[in-house]
1. Over the stretch A:2-93, what is the relative contact order in whole percent, taking alpha-carbon pairs under 8 Å and six or more residues apart?
2. Cross-link candidates for B:K12: which lysines have Cα within less than 22 Å, leaving aside residues fewer than 8 places away along the same chain?
3. For a paramagnetic label modelled at 7 Å from the Cα of A:E40 toward its Cβ, which residues of the stretch B:54-75 fall within the zone defined by backbone nitrogen distances under 13 Å?
4. Rolling a 1.4 angstrom probe over the protein heavy atoms, how many square angstrom per residue are accessible across the stretch A:1-68?
5. Which residues, if any, in the stretch B:49-67 lose at least 50 square angstrom of accessible heavy-atom surface (probe 1.4 Å) when the other protein chains sit next to their chain rather than the chain being alone?
6. If r is the Cβ-Cβ distance from B:S279 to B:R198 and R0 is 25 Å, what FRET efficiency results, to the nearest 0.05?
7. Restricting things to alpha carbons, find the Rg to Rh ratio for the stretch A:2-93 using the Kirkwood radius for Rh.
8. Starting from the Cα of A:K84, draw a straight line to each of the aspartates and glutamates and keep only those under 17 Å, dropping any in the same chain fewer than 8 residues away.
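The values are calculated or read from the model by the stated rules, or taken from the named source; none is laboratory data. Since we're looking at a predicted model, the values are computed, not measured. We place every Cβ from the backbone using ideal geometry, glycine too, and count neighbours over all the protein chains shown. Side chains are part of the model used for accessible areas, which takes the heavy atoms of the whole protein and leaves out ligands, DNA and RNA. Shrake-Rupley method; radii C 1.70, N 1.55, O 1.52, S 1.80 Å.
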Amino acid sequence: MIRVILPPHLRTLASVGREVQVEVSGAVTQRTVLDAVEREYPMLLGTMRDRESGRRRALVRFFACEEDLSNESPDAELPDRVIKGEEPFMVVGAMAGG
Amino acid sequence: MSGVRLLVGTRKGAFVLTSDGKRQDWEVSGPHFAGWEIYHVNGSPADPDRLWASASGGWFGQVIHRSDDGGTTWRQVDHDFTYQPPVGDHLWYDGTPRPWEFKRIWHLEPSRTDPDVVYAGAEDASLYKSTDGGQKWVELAGLRTHVSAPKWQPGAGGLCLHTIILDPVNKDRIFVAISAAGAFRSDDGGVSWQPINRGLVSEGIADPDAEVGHCVHRLAMHPSRPDTLFMQKHWDVLRTDDAGGSWREVSGNLPTDFGFPIAVHAHEPETIYVVPITSDSLHYVMDGKLRVYRSRTGGEQWEPLTVGLPQENCYVNVLRDAMAVDTLDECGIYFGTSGGQVYGSSDSGDSWRPIVRDLPPVLSVEVQVLP
């Protein structure tokens, strides 16, 4: 199981706690993890990545294992510790004013 | 006794305010969708317990919520607002072409007769319709693909479709307004559209009386007189008596004809309300005094309404969707401010009182009268 931490606004939308777990078959990448999250929680479609282009929304960031993976290829494998479920994949609302 | 429910959208959540028909004591519930920017909350005239809320934000985009129990509980409905291809371009602020890009829903307008039907006005300007209670949205693309649309250019707030009026008599007639393109009318249920801006003059555009390009802030209609519309434009208050065939200015003795909201009294089609603000560069009321102006003659002659409103050190604004009237015998009027106050009058505007003072900045106010 892949652990995913969602930001507060998305927890509210999906009616979940801080962390969710999703099943991913095959390669564990940003794309397959987010596909799985959206499959499990369709109310989050379009909130993390653009629904048409699949591109990450500008003020959404992806972290794992103390690394900023936001600008990695969406098809790059995530770190081993995420794949093993030891560390969460984190969806973060970028720090900004307001 | 009838109840009254106010639906308030703010920068950081939605609030539902309820009172009995006296409209003196109010209960406040919320924030609903805390932290989300709520551009609009509106209720179905066909089923007052069915409410719609537009929640958006720079981080996570646009979502839509629906309540079927008057705002006690909410559930998310679909939020796939896709432009029908070909998408094409409109003008950007600098006059260059830029592809249409969906940003948010500014206004939700439920059908007067069918609780499952609702229209949504978007930025970049387009009109969507759901006929299944929000499970699916379809663009009424005849508007955005109008021959004039490539010339539409955003106003300072964005290229937003902010006003949707469904004609209560002619079910095929819809009016919309877009900043800064102008007003448009459809006579075939939203399939085809025509600009209705004859008589509008805007000094800030290259051709002051062009067919499109006018910064319309808000339209209002009285249900018994659907061919008469009132408009608050960037500058000027105007009226038409032929469903937009031609407009004439009725700013009369207003101290400034710049403002955002305009509303019509529920029982007096010639009684209208505006909230003048100083100018387009100073988005607050004049002289530190919060004054609603009322005309009982359909424009030209205006009187300031001040009783119960702050008359010193007040520098708030009232946005385009933040004023509403109820339909009780003594018409109630409500508005919300950029300072987070919601004011109400239960005597057609003669006197006012704050209903709640310290909400986040108010973006929209709607009112329902409940049986």
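1. Values: 132 pairs, mean separation 34.0, N = 92.
After rounding, I find 37 percent.
2. The qualifying lysines are B:K103.
3. none
4. Numbers: 3570 Å² over 68 residues.
On a per-residue basis, the stretch A:1-68 sits at 52 Å².
5. Buried on complex formation: B:W59, B:F60.
6. Working: r = 26 Å, r/R0 = 1.04.
The pair B:S279/B:R198 has a calculated efficiency of 0.45.
7. On the way: Rg = 11.8 Å, Rh = 13.0 Å.
Over the Cα atoms of the stretch A:2-93, Rg/Rh equals 0.91.
8. Straight-distance partners of A:K84: A:E19, A:E23, A:E66, A:E67.
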